[in-house]
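The structure appears right after this line, and notes come after that.
The values are calculated or read from the model by the stated rules, or taken from the named source; none is laboratory data. The shown structure was predicted, so the numbers you read here are calculated from the model rather than taken from an experiment. All Cβ positions, even for glycine, are placed from backbone atoms using ideal geometry, and neighbour counts span all protein chains on display. These area figures cover heavy atoms from the full protein model, side chains too; ligands, DNA and RNA do not enter into them. Shrake-Rupley method; radii C 1.70, N 1.55, O 1.52, S 1.80 Å.
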Amino acid sequence: MTSSSDRSPAVDVQGSKSYEIRTYGCQMNVHDSERLSGLLEDAGYVRAPEGSDGDADVVVFNTCAVRENADNRLYGNLGRLAPKKAGRPGMQIAVGGCLAQKDRDTIVKRAPWVDVVFGTHNIGKLPVLLERARVQEEAQVEIAESLEAFPSTLPTRRESAYAAWVSISVGCNNTCTFCIVPALRGKEKDRRTGDILAEIEALVGEGVSEITLLGQNVNAYGSDIGDREAFSKLLRACGGIEGLERVRFTSPHPRDFTDDVIAAMAETPNVMPQLHMPLQSGSDPVLKAMRRSYRQERYLGIIRKVREAIPHAAITTDIIVGFPGETEEDFEQTLHVVREARFTQAFTFQYSKRPGTPAATMDNQIPKEVVQARYERLVALQEEISWEENKKQVGRTLELMVAEGEGRKDGATQRLSGRAPDNRLVHFTKPDQEVRPGDVVTVEITYAAPHHLLAEGAVLDVRRTRAGDAWEKRNTEKAAAQPAGVMLGLPKIGVPEPLPAATSGCGCD
């Protein structure tokens, strides 16, 4: 690998400054990074090529504070950038997100080569803070204690031409003892329904055919405006938007999951048969210690109602293993819920102590080896269930929205990848005719693995869509704007992942 002094800066031929954003954590951070990209490009920066690995003029870390190793990961990455910055006069490094909101001045003390630290409430200030740091030649640390403006008013550089996140609220009113996010994101603040629908209609007008409604506690929408049925009404309103083919949402809280939401899901054709419902634990005593405002029977009751109303719904979840005080009996209750609920997939986490949370100071912290053994048992059980549930899809005919970047072996296997209505990942045989991301294909499922499906026969139908047109237009424009001999790279484009590997909904739902 060449040193920073051997490599030319990642700038375009006109000399515009380039930027790179590294995103960690939940979907809210992913969407915030789209806004940070929009802000920087609005200020004249250009995106660095894929894989520039710190060679951009501005490197932004959008951080997460949920997991125990978040701090180490950030400072390790900052340390690796220090020599590059020393050899690149004018290079700037910015740190934002939840960890920045939490650590504030600590970041500059531990990494004095950082130029800007900003929080979750003032991401719109990033270009100004970068310029101020450049002019004043000193680090700028600016953390707002409350939301300055709803983030959706900011410019956004969306990663996908055909699928988009739409925030309906920010913040969280829950007090889960394991989660620090509400303290960093603030109390829940809802957007006006009219503003949400106007944004969705504008996105559809640009060619987007799938949207994911996003909130830390998405189905609590309406609590800020005093309407307990506001979320179900919003889902039904999405059903009336012409050209909007798929609606998803993440992440709901069992406490706020009411019958009117289930009815809206079942009765609104473009709301997809998919539900991510965080469990965290199947034990009533542990749920009480977590300050989760539901118990096992309430949770399983929701699952039963959803399956009755939407028989083919794919239900996924989050589970924490090894919460302080968890006994073997408590853990067995979690396994019981997993067997009863038969989740399509579960995102499982070993409890991670986070300073500043009530759980961090609780007695009876579970030994690491016990947590690891329970975690492995849970994963093995869920793998078995996931495979059994996926096998039920064999022989079904499904419509897939074609995706890009979701099948790592597609090139070698002559396949393409897409998402079924219930969000299962399907790899299918590449048809003879052109198929673009955003187009829709009809296939028959022939094989099931625990984490994906295969459609090995010929594609039954291809439907070209406005979303595919939008993808083609975006990439054609990029190719035309690219100077000969200069590789600026293309972003990875695909349907927004509802469940990134870190955690869902900042781990609080």
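Judged by the mean number of other Cβ atoms found within 10 Å, the most tightly packed of the peptides 167-174, 184-191 leads the ranking 167-174, 184-191.
Shown in residue order for the stretch 414-420 are the 3J(HN,Hα) couplings computed by the Karplus curve 6.51 cos²θ - 1.76 cosθ + 1.60 at θ = phi - 60°: 6, 10, 10, 10, x, 10, 6 Hz (x for Gly and Pro). Other residues whose C-beta falls under 13 angstrom from the C-beta of Leu78 contribute a net charge of +4, scoring Lys and Arg +1 and Asp and Glu -1. Between the stretch 346-375 and the stretch 53-124, the C-alpha centres lie 27 angstrom from each other. Glu41 sits among other residues whose Cβ lies under 10 Å from its own Cβ, and their net charge, with Lys and Arg +1 and Asp and Glu -1, is +1.
Let a ≥ b ≥ c be the square roots of the eigenvalues of the Cα gyration tensor of the stretch 335-489; is it rounded (a/c under 1.5), or, if not, prolate (a/b larger than b/c) or oblate? Oblate, because a/c is 1.5 or more while a/b does not exceed b/c. For a label point 7 Å from the Cα of Glu206 along Cα→C-beta, name the residues of the stretch 39-60 whose backbone N is under 20 Å from it. Within reach of a label on Glu206: 39-48.
Close amide-amide hydrogen proximity is noted between Trp165 and Thr212, each under 5 Å apart and 5 or more residues distant or on a separate chain (H modeled in the peptide plane; Pro and chain starts excluded).
In this structure Trp387 has an accessible area near 100 Å², from a 1.4 Å probe over the protein heavy atoms.
Shape verdict for the stretch 394-464, please, from the Cα gyration tensor: rounded (a/c under 1.5), prolate (a/b greater than b/c) or oblate.
rounded
The relative contact order of the chain comes to 15 percent, based on Cα pairs under 8 Å that sit 6 or more residues apart.
Dipole orientation for the chain: of the candidates Val440, Val394, Gly119, Gly119 has the Cα lying most toward the positive pole (charges on Cβ; Lys, Arg +1; Asp, Glu -1). Amide H contacts of Glu188: Cys172, Asn173, each under 5 Å away and 5 or more positions distant or on a separate chain (H built 1.01 Å from N in the peptide plane; Pro and chain starts excluded). Across the stretch 79-231, the relative contact order, built from alpha-carbon pairs under 8 Å that are at least six residues apart, equals 18 percent.
Counting only protein heavy atoms and a 1.4 Å probe, the chain has 41 square angstrom of accessible area per residue. Distance between the modelled labels on Thr258 and Ala449, one decimal in nanometres: 4.3 nm (7 Å Cα→Cβ projection).
With contacts taken as Cα pairs under 8 Å at a separation of at least 6 residues, the stretch 377-445 carries a relative contact order of 37 percent. Rounded, prolate or oblate, given the Cα gyration tensor of the stretch 107-148, with a/c below 1.5 counting as rounded? Oblate is the answer for the stretch 107-148, as a/c is 1.5 or above yet b/c matches or exceeds a/b.
Calculated mean residue ellipticity, 222 nm, the chain: -10500 deg cm²/dmol, from DSSP H runs (n ≥ 4) at -39500 (n - 2.57) each, averaged per residue and rounded to 500.
All other residues whose Cβ lies under 11 angstrom from that of Pro431 are scored, Lys and Arg at +1 and Asp and Glu at -1, for a net of -2. Residues whose amide H falls under 5 Å from that of Ser417, counting only those 5 or more places apart or on a different chain, are Ala403, Phe428, with hydrogens built in the peptide plane.
Just the number, please: percent antiparallel of the DSSP beta bridges in the chain, rounded to the nearest 5.
30
Along the axis of the charge dipole computed for the stretch 170-284 (Cβ charges of +1 for Lys and Arg, -1 for Asp and Glu, origin at the Cα centre), the listed residues Asn174, Met272, Gly215 are led at the positive end by Asn174. Each part reduced to its alpha carbon centroid, the stretch 161-229 and the stretch 293-335 end up 24 Å apart.
A value for Rg and Dmax of the Cα atoms in Å was derived from the coordinates, and within the list (1) 21.5, 69; (2) 23.6, 88; (3) 23.0, 65 it appears as (3).
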